[in-house]
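To start, the structure under review is shown below, and the notes come after it.
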Amino acid sequence: MTEILTLDEVKKRRNDLLKSFEMPEDKVYELARNYSLRSQERARFQKIEAYDFLLSSAAASENEEHHAIA
Amino acid sequence: MIVEPDSDNAQSQLRSRATQFAENIRSLISRTVESDVEPFDVDLMKPQKDTDRLLASLQSNPKPQIALVSSDVDDAVFSFEIRFDMFVEKFLTVQSSRIAVGLLGSDEPLLRYEYIRHPDSVPSAHLHVHAHRDQFLHGMMLSTSGRPKQRLRKLTQGKLPYLSQIHFPLGGPRLRPGIEDVLEMLIREFGVKQKADAVEYLAQSRAEWRRLQLRALLARNHSDALDYLRSEGYTVTPPGWTPAVTAPEDPAVAQW
């Protein structure tokens with residue numbers, strides 16, 4: 001069964017994956033944009049993209065909530 | 001690792017909805033073209049404690065490309081990469097998606113079909129073509145305003161423009177193509193090996209997708225539906241309440 005992760009768990013997984021590239025974050029994203037990552041690296045980067053979506057959407061959800069309360 | 005308890009029935013249902021969506025896509029590919037498609041990776045997150053909403057990101061497996069077999073050489077030649085990012089509530093709402101088609105062994109795809117529900121300045125549904133023609137690049141930098149101006153500025157910084165940077169619009173959020181259209185294009189235009197009755201199966205699945213979109217359009221454009229039915233001689237009785245959104249205010253209709 002697919003697990004439901006918490007915000008902290010997603011942050012940790014994303015950061016751990018980024019660290020595994022052993023290069024600055026900007027460089028990882030630049031290589032991905034230029035299709036210069038190797039196959040295994042691309043698979044890992046795709047996971048980072050998934051986590052980026054979850055984190056940015058969670059932030060958007062939170063803003064919506066604050067806006068509603070305000 | 002934190003796993004939410006299954007006793008939370010609502011959450012369990014949301015989880016099932018997301019994983020079923022992923023399985024439906026895998027099944028559509030598996031049923032129609034020769035491929036090595038495997039169950040998708042599904043990442044789920046609950047954004048807040050007290051919410052009946054999950055965030056879901058689905059990605060194709062493995063490697064992360066799916067290998068498609070060519071009819072002529074009977075070997076895997078093409079790659080297919082899929083990603084859906086969604087809000088899972090009462091309904092599934094796709095926030096963004098990407099379907100990339102390429103050749104195995106080449107990192108850069110040939111085509112990318114993409115969708116962004118709330119884009120800044122690009123068409124919500126669009127196609128990227130990874131190809132080259134000198135005249136195209138010339139045309140992309142002729143004007144001294146807007147994006148051509150930006151491209152010229154970037155060129156002076158050593159960043160070349162590419163045809164693949166163009167977002168070719170594909171009908172907006174409601175009338176965008178579905179995965180069935182891409183699969184049929186691969187069969188007909190690129191000779192990807194199809195399974196028995198694949199085209200008929202794709203047509204049936206496409207009809208379901210378009211009916212869903214048609215219903216979404218009708219739900220937000222009552223006056224157009226009423227006008228048409230009345231013009232055909234139907235007598236339509238209002239329900240006694242005013243629809244929340246009526247045409248022509250539905251923004252999705254006007255969105256590029």
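The values are calculated or read from the model by the stated rules, or taken from the named source; none is laboratory data. The shown structure was predicted, so the numbers you read here are calculated from the model rather than taken from an experiment. All Cβ positions, even for glycine, are placed from backbone atoms using ideal geometry, and neighbour counts span all protein chains on display.
Within segment B:162-176, is there a residue that is of a type in the set (D, E, K, R) and surrounded by 12 or more Cβ atoms within 10 Å (Cβ to Cβ)? The answer is yes, given that some residue of segment B:162-176 is of a type in the set (D, E, K, R) and surrounded by 12 or more Cβ atoms within 10 Å (Cβ to Cβ).
When residues in segment B:53-68 are screened for being more than 15 Å from B:PHE40 (Cα to Cα) and modelled with pLDDT of 85 or more, 3 of them pass. Among the residues making up segment B:113-136, those that are of a type outside the set (A, V, I, L, M, F, W, C) and surrounded by fewer than 19 Cβ atoms within 10 Å (Cβ to Cβ) are B:ARG117, B:HIS118, B:PRO119, B:ASP120, B:SER121, B:HIS130, B:HIS132, B:ARG133, B:ASP134, B:GLN135. Selection over segment B:56-87 of residues that are more than 7 Å from chain A (Cβ to nearest Cβ), in a loop (DSSP other than H, G, I, E, B) and surrounded by 21 or more Cβ atoms within 10 Å (Cβ to Cβ) gives a count of 2.
Which residue, of B:VAL182, B:VAL192, is touching a Leu at 6+ places or on another chain (Cβ under 6 Å) and buried (at least 16 other Cβ atoms within 10 Å of the Cβ)? Just a single option satisfies the conditions, and that option is B:VAL192. Can you spot a residue in segment B:241-256 that is part of a helix (DSSP H, G or I), surrounded by 15 or more Cβ atoms within 10 Å (Cβ to Cβ) and either modelled with pLDDT under 95 or within 25 Å of the chain's Cα centre (by Cα) (or both)? Yes, that holds for at least one residue. Inclusion of B:SER96 among residues that are crowded, with 17+ Cβ neighbours inside 10 Å, facing another protein chain (nearest Cβ under 9 Å) and assigned to a strand (DSSP E or B) is warranted. When B:ARG220, B:ARG230 are checked against the criterion of being surrounded by 17 or more Cβ atoms within 10 Å (Cβ to Cβ), farther than 19 Å from B:GLU114 by Cα, out of contact with any His (no Cβ under 6 Å at 6 or more places or on another chain) and charged (D, E, K, R), a single residue qualifies: B:ARG220.
Here's a check for you: in segment A:33-61, which residue that is of a type in the set (Phe, Trp, Tyr) and in a helix (DSSP H, G or I) is nearest to the other protein chains (Cβ to nearest Cβ)?
Only one residue tops the list, namely A:PHE53.
Does B:ARG133 satisfy the condition of being among the basic types (Lys, Arg), touching a residue at least 40 places away in the same chain (Cβ under 8 Å) and on the phi < 0 side of the Ramachandran plot? Considered against the rule, which asks whether it is among the basic types (Lys, Arg), touching a residue at least 40 places away in the same chain (Cβ under 8 Å) and on the phi < 0 side of the Ramachandran plot, B:ARG133 comes out as no. Close contacts from segment A:18-30, counting a first residue that is without any contact (Cβ under 8 Å) to a residue 12 or more places away in the chain and a second that is outside any loop (DSSP other than H, G, I, E, B), with Cβ to Cβ under 6 Å and a gap of 6+ residues or different chains, come to A:GLU25/A:LEU18.
The residues in segment B:21-55 that are more than 11 Å from chain A (Cβ to nearest Cβ), under 16 Å from B:PHE87 (Cα atoms) and in a helix (DSSP H, G or I) can be counted, and the count is 1.
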